[in-house]
1. What area, in nm² and to one decimal, does the C-alpha convex hull of the range 123-243 cast on average over all directions?
2. When the Cα atoms of the range 220-325 are enclosed in a convex hull and the volume is divided per residue, what value in Å³ results?
3. Can you work out the FRET efficiency for the pair A169 and K299, with r the C-beta to C-beta distance and R0 = 51 Å, to the nearest 0.05?
4. Can you pull the three principal axis extents for the Cα set of the range 30-123, in Å, largest first?
5. With axes computed from alpha carbons, what is the tilt in degrees of helix 315-324 against the longest principal axis of the chain, rounded to the nearest 10 within 0 to 90?
6. Arrange the peptides 131-141, 111-121 so that the one whose residues have, on average, the most other Cβ atoms within 10 Å appears first.
7. Using a 1.4 angstrom probe, figure out how much accessible area the chain has per residue, in square angstrom, rounded to the nearest whole.
8. Kindly list the residues of the range 72-93 that lie in the label zone of R12, defined by a backbone N under 13 Å from the point 7 Å along the Cα-to-C-beta vector.
Amino acid sequence: MSKHQKHTNLVRRDNDNFGPNEIAILGTNCGNISNLVHQISKKINQYKLGYFDASHAKDVDKNQLSEYVFHHEGNVQITTSGSINKYQQRLDFAQFDFVFINGNHYQGAKQILILDETKEASVLKRLDQLQNIQFVIKLNSETKFFDFLEEKYPQIKNVKCYTIDEIDAISNHVHNLIKEKIAPLQGLVLVGGKSTRMGKDKSELNYFGKPQKVVAKELLESHNLETYYSVQKDESENEISDKFINLGPFGGICSAFQKDPNIAWFVLATDLPFINEEIISLLLEKRNPSKVATAIKGKSAIFVEPLITIYEPKAYPILLQYLAQGYSCPRKMLINSDVEVVEIDDSFIRNVNTPEEFKSAKNELANNG
């Protein structure tokens, strides 16, 4: 008899213990760990990095007032109370490309082991935490592996080893660990319902001898992107039906992320017939996975175009936060988030919404072809 499933089994984002991509540093004192993290962060500052540590203050203020002190240039200092909760931490770290963890206090899914002869007992105490050592750092080149390390993990001799002064090499190794977790990219063509102004489904309009939804899908597939149609219902093999009903494109994007929150989605609408191979290539070339999204903007436009955009996995929790506040506009989320903006000529970003606009656009495209 099969086990009763009480809750819907949703696809979850791939997380380590506390964040999507993390590494715990242990084996030496907290000062050495903090100093190393700050040196590495200066070398790879193109990424959004976090450092997860424990307070070393002896006296803890039990005041329940949470303080958020904002600097006018954008920095914020947060002082609040609460215990460690991996679910809350995963929300807090969802936007970070990489989280360093002080392994003297918290266990990370991956580890950097620092060999410090004065901390041999500390390493022995945390031996069971060393389950996925990425590389070893020696405080000096003469430091030997502790006997118990080789007994427990004989393969440790094959792990890459650096000395503490090789900051460039260490930073490059971390850089590669970040790049390994860049999300794969798939396409999502938004196929809407009947347009009030057009009087028919705009995805079925014929500009190039076939329905525009087919043209849009082929544009993305020509760049080796597995591509799905976003539809309202009646899902088939290459379609993703709306799970967020009556929210338009916002619901379509969220539905794609619900299908797979570990994928970055290249979203393309069907009412933008002037978008071509060059624009798709440009957006792919300029993709910045460290940002929430990479979006197109007309040079004279004020805001980005949310329906020619690559949405990274870190966009999904932000979209849901906006939905929780009563907003279902993807552009509003993009305007207020950390987005890579790619400017192009405004003539490519023209929505076709009426029969008159369709006739004019089809004639122009035929003449340009």
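The values are calculated or read from the model by the stated rules, or taken from the named source; none is laboratory data. Note that the structure is predicted; figures quoted are calculated from it, not measured. Every residue, glycine as well, gets a Cβ built from its backbone with ideal geometry; the counts of neighbours run over all protein chains shown. Heads up: the accessible areas ignore ligands, DNA and RNA and are worked out on the full protein's heavy atoms, side chains in. Shrake-Rupley method; radii C 1.70, N 1.55, O 1.52, S 1.80 Å.
1. 14.1 nm²
2. Once divided by residue count, the hull of the range 220-325 is 123 Å³.
3. 0.75
4. Here the Cα extents, ordered largest to smallest, are 42, 35, 25 Å.
5. The helix 315-324 is inclined about 70 degrees to the chain.
6. Ranked from most to least packed, the peptides come out as 111-121, 131-141.
7. Working: 20310 Å² over 369 residues.
Accessible area per residue, the chain: 55 Å².
8. Hits in the range 72-93 for R12 at 13 Å: 86-91.
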